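What follows is a short report on a single structure.
The values are calculated or read from the model by the stated rules, or taken from the named source; none is laboratory data. Keep in mind that this is a model prediction, so the values were computed, not measured. FYI the Cβ positions are ideal-geometry reconstructions off the backbone, even for glycines, and counts take in every protein chain you see.
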Amino acid sequence: MTTARRLAAEPTALPATLVQPLLDLAVAGGAPAVEVLAPATGAKIADLPQSSTADIDRAFATAREAQRAWALRPVRERIAILRRFHDIVLDEQQTILDIVQVETGKSRAHAFDEVGDVAVNARYYASVADKLLADRKPRGVLPVLTRVEVRHRPKGVVAVISPWNYPLALAVSDALPALVAGNAVVSRPDNQTALTALWAIAAAERAGLPSGLWQAVLGRGSAIGGEVIARADYVDYTGSSATGRTIAQQAGERLIGYSLELGGKNPLLVLADADISRAARIAIRACFASAGQLCESMERIYVHDSVYDRFVSEFVEHVKAIKLGGALDFSSDMGSLTFRRQIDTVRSHVEDAVAKGATVLAGGRARPDLGPYFYEPTVLADVRPGMTVYREETFGPVVSIYRVGSDEEAITAANDTAYGLNASVWTKDTSRGRAVAARINAGSVNVNEGFIAAWGSADAPSGGLGISGTGRRHGPEGLLKYIDTQTIATQRVLPIAPLPGMSEELWAKTMTLYFSVMKSLRQK
Ligand code: NAD
């Protein structure tokens, strides 16, 4: 394995020799550039070119042109590119980990979760794409006489609009199945994390992806989102539930398909028989990955009364030991928040809760001594309805702990939300855990894990219920959403109509007999 050189010791320094070729890949420059700053220090990363309407037109035209040839390439050739891309991401991980850290402020361990996500998804779709995309031959209306084939056609150009919190995973892992299915992709990464997406495009081209097939346009979502959707054949969006509604309206207006991966207010349940030490340790990752700026992270913990004190004491001890920092190495456990508005939200949720009677068990303070957006991992107790943090997604390093008297009470509380993205259940009795899981309204539930068991199992779909989204990523669903089916039915020898001279009444009787026979033969 070739390991690329480390870029710099300082969290802000991305060399111009790395940045400029990436910026050159973007279809942008027609609108004024914006300055992008490194969250961990506030230092400038780049002046990021922005896309004008003409740039967006050009990106889609180029992508459309490239897609026509790409769709004709055998699936096995597309798969080979995915496999090479997988290897490049692992081999050059030091470079992409640096870029992700500099752009987001997250710790290296949390950035590595993204490398893992991309590797797992590249490998998965490389291994299943040929099967998922193969023609099917379903039974025809008249066996033997009606020959039916179902073919798969790529949608065309898929728009992937991705946020800043998991910039590699969310820009890439949804693009890969779209590409292998024969589509082109136009990505609109968040301005804050555009270099990560551009690095991925460059890496995919080095893996053999035809130039022009995967394009990136740059701009604020509110400025260019509508223009991207206006030209796309399908939209894959990840972000807040509020923006998801706008995307759905715009896609609905054009009658194109969409998939929305939105927010969460995820619950973690510690049942009376849980392995408390393990639960307390793993809950740390489940709550504070990427400083809680993870759609799947836990913001509510419900603990059975009989183990509450022990769990809280162990959990809080772990939280207090979390090491904050922004260095481009594995020396810190948790990094910075990514924006001023993120730390403002965190501050206001904590202040509101405390003013209304909540208790801070750990954290509760910004850490400007470390960088402009560092905030301590925070644990709240005595949180009640009426406090903002009770119901609203914080999307930061803040978790509230509640005492419950029974599994029933925990399940009811867990389901008292309009969201339904992810949940976690802790018990030594895994069948009990699965039974509880089945009663929680969430697109994924992890038993004795926080989020990685479900998220990392790429063969299983991932997505939200309620206002957490619609559509799925991962699994067969994560690829099939990017294709249309076409049914070609060929009628042979006899028509599906009365034979010459046969009355419609006799035809109806014959068909009635046929339907009854087929049912008794249990034919589909
Ligand atoms: P946001 O909706 O404000 O922004 C998310 C992204 O959408 C940004 O890149 C933004 O530029 C873009 N955007 C905004 N308006 C747009 C528009 N009209 N058209 C197109 N794009 C537009 O959300 P945020 O607060 O920046 O991101 C955090 C939210 O994203 C949280 O709610 C979090 O739970 C959610 N999220 C969900 C998942 C998931 O997989 N379910 C993953 C990550 C984040």
Check: Hey, among Val75, Val120, Val158, Val141, which residue is assigned by TED's automatic domain parsing to the domain that holds Thr41 and at pLDDT below 95?
Finding: Val141
Next item on the list: Note down all Cβ pairs under 9 Å where the first residue falls in region 289-300 and is assigned by TED's automatic domain parsing to the domain that holds Phe395, the second is basic (Lys, Arg) and near the ligand (Cβ under 10 Å from one of its atoms), and they're at least six residues apart or on different chains.
Entry: Glu299/Lys265; Arg300/Lys265
Margin query: Looking only at residues that are on the phi > 0 side of the Ramachandran plot and not in a loop (DSSP other than H, G, I, E, B) in region 448-474, which one is nearest to the ligand (Cβ to nearest atom)?
Written below: Gly469
Note to self: Among the residues of region 316-333, are any in a strand (DSSP E or B), surrounded by 17 or more Cβ atoms within 10 Å (Cβ to Cβ) and within 16 Å of the ligand (Cβ to nearest atom)?
What the structure shows: no
Checklist line | Odd one out for Gln192 among (1) in contact with a helix residue (DSSP H, G or I) (Cβ under 7 Å, 6 or more places away or on another chain); (2) within 20 Å of Ser462 (Cβ to Cβ) | finding: (2)
Check: Tally time: how many residues in region 226-258 are near the ligand (Cβ under 10 Å from one of its atoms), more than 13 Å from Gly156 (Cα to Cα) and in contact with a Phe, Trp or Tyr (Cβ under 8 Å, 6 or more places away or on another chain)?
Finding: 5
Notebook entry, point to check: Does at least one position in region 184-201 carry a residue that is over 19 Å from Ile96 (Cα atoms), more than 11 Å from the ligand (Cβ to nearest atom), of a type outside the set (A, V, I, L, M) and assigned by TED's automatic domain parsing to the domain that holds Leu90?
Noted result: no
Note to self: Suppose we filter Gly335, Gly292 for residues that are under 23 Å from Ala171 (Cα atoms) and in contact with a His (Cβ under 9 Å, 6 or more places away or on another chain); which single one remains?
What the structure shows: Gly335
Notebook entry, point to check: If you go through region 432-447 one residue at a time, do you hit one that is of a type outside the set (Lys, Arg), part of a strand (DSSP E or B), more than 28 Å from Ser336 (Cα to Cα) and touching a Lys or Arg at 6+ places or on another chain (Cβ under 8 Å)?
Noted result: yes
Note to self: With the structure loaded, tell me whether Ala197 is touching a strand residue (DSSP E or B) at 6+ places or on another chain (Cβ under 9 Å), at pLDDT 95 or above, surrounded by 24 or more Cβ atoms within 10 Å (Cβ to Cβ) and within 20 Å of Val27 (Cβ to Cβ) or whether it fails that test.
What the structure shows: yes
Notebook entry, point to check: Out of all the residues in region 259-304, which are more than 23 Å from Ser406 (Cα to Cα) and more than 11 Å from the ligand (Cβ to nearest atom)?
Noted result: Ile284, Arg285, Phe288, Ala289, Ala291
Notebook entry, point to check: When you go through Lys509, Lys428, Lys481, Lys524 one by one, which is the residue that is among the charged types (D, E, K, R), at pLDDT 95 or above and exposed (fewer than 12 other Cβ atoms within 10 Å of the Cβ)?
Noted result: Lys509
Next item on the list: State whether the residues of region 287-310 include one that is surrounded by 21 or more Cβ atoms within 10 Å (Cβ to Cβ), under 25 Å from the mean Cα position of the chain (by Cα), at pLDDT below 95 and under 22 Å from Tyr375 (Cβ atoms).
Entry: no
Next item on the list: Read through the list (1) buried (at least 21 other Cβ atoms within 10 Å of the Cβ); (2) among the acidic types (Asp, Glu); (3) part of a helix (DSSP H, G or I), then give the number of the only condition that Glu393 fails.
Entry: (3)
Margin query: Suppose we filter region 63-98 for residues that are of a type in the set (Lys, Arg) and over 24 Å from the mean Cα position of the chain (by Cα); how many remain?
Written below: 4
Next item on the list: Hey, can you tell me all the residues within region 336-362 that are touching a residue at least 24 places away in the same chain (Cβ under 8 Å) and within 16 Å of the ligand (Cβ to nearest atom)?
Entry: Ser336, Leu337, Thr338, Phe339, Arg340, Gln342, Ile343, Thr345, Val346, Arg347, Ser348, His349
Next item on the list: Give region 22-49 a look and list any residue that's in contact with a Lys or Arg (Cβ under 8 Å, 6 or more places away or on another chain) and more than 26 Å from Gly326 (Cα to Cα), or say none.
Entry: Val27
Margin query: So in region 390-434, with the set limited to residues that are of a type in the set (Val, Ile, Thr) and free of Cβ contacts under 8 Å to residues at least 24 places away in the same chain, which one is farthest from the ligand (Cβ to nearest atom)?
Written below: Thr430
